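Values quoted throughout were computed directly from the atomic coordinates according to the rules given, and no laboratory measurement underlies them. Source: prediction; values computed, not measured. Here the Cβ positions follow ideal geometry from the backbone for every residue, glycine too, while neighbour counts run over all protein chains shown.
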Amino acid sequence: YKQRIAKQIMLPFDNIEALQVLRYTKGQKYETHADYFPESLLDSSGNRICTCLAYLNTPEEGGETVFPLTTPAATQTEENGWSECGREGLGVKAHRGDVICFWDMDTDGKPDPFSKHHACPIINGK
């Protein structure tokens, strides 16, 4: 998996961290956060510059990944199956087999606040 991701994001394989697996069930979510760290907390390995999320399940309802400092797409409506949380910013619905990648740092190597994201609560499914 690491080789495929490195190829897609065009970063060296050695820069890819170990896989982290999270499993959300009904009501579980992840609060808004950034995947970069303040300078004071950095070690010699540096900061994360890119995050990739691979979806292993398709929740029946909820579970979107949302970037709350952005504007939602016009199609992110209740009628189109988006949860209330999923409409709080530009979002991605979790679909089994999909992978999304986004940059945590800008081209100058500074943290990009627009990369802050959260996982909406699962309403049905996992």
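One table, with the values for the structure above:
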read-out	value
Highest-first arrangement of 54-61, 8-15, where packing means the average Cβ count within 10 Å	54-61, 8-15
Value of [θ]222 nm, deg cm²/dmol, for the chain, DSSP H segments ≥ 4, -39500 (n - 2.57) each, nearest 500	-1500 deg cm²/dmol
Centroid-to-centroid separation of segment 101-120 and segment 65-79 [C-alpha atoms, Å]	17
Local electrostatic count at PHE67 - Lys and Arg +1, Asp and Glu -1, tallied over other residues with Cβ under 14 Å	-3
The chain: relative contact order in percent, alpha carbon pairs under 8 Å with at least 6 residues between	37
Distance between modelled label sites at ALA74 and GLN3, nm, 7 Å Cα→Cβ extension	4.4
Filter on LYS93/LYS126; LYS2/LYS93; LYS29/LYS126 - keep pairs with C-alpha separation over 21 Å	LYS2/LYS93
Cβ-isolated cysteines (cut-off 4.7 Å), the chain	CYS50
Three-way shape call for segment 50-104 based on the alpha-carbon gyration tensor, with the a/c threshold at 1.5	oblate
Low-density loop cleavage sites - trypsin sites (Lys or Arg not before Pro) in segment 1-108, where at most 16 other Cβ are within 10 Å (DSSP)	ARG23, LYS29, ARG96
Kirkwood-Stokes translational diffusion coefficient of the chain, alpha-carbon pairs, 4 °C, 1.567 mPa s, µm²/s	83
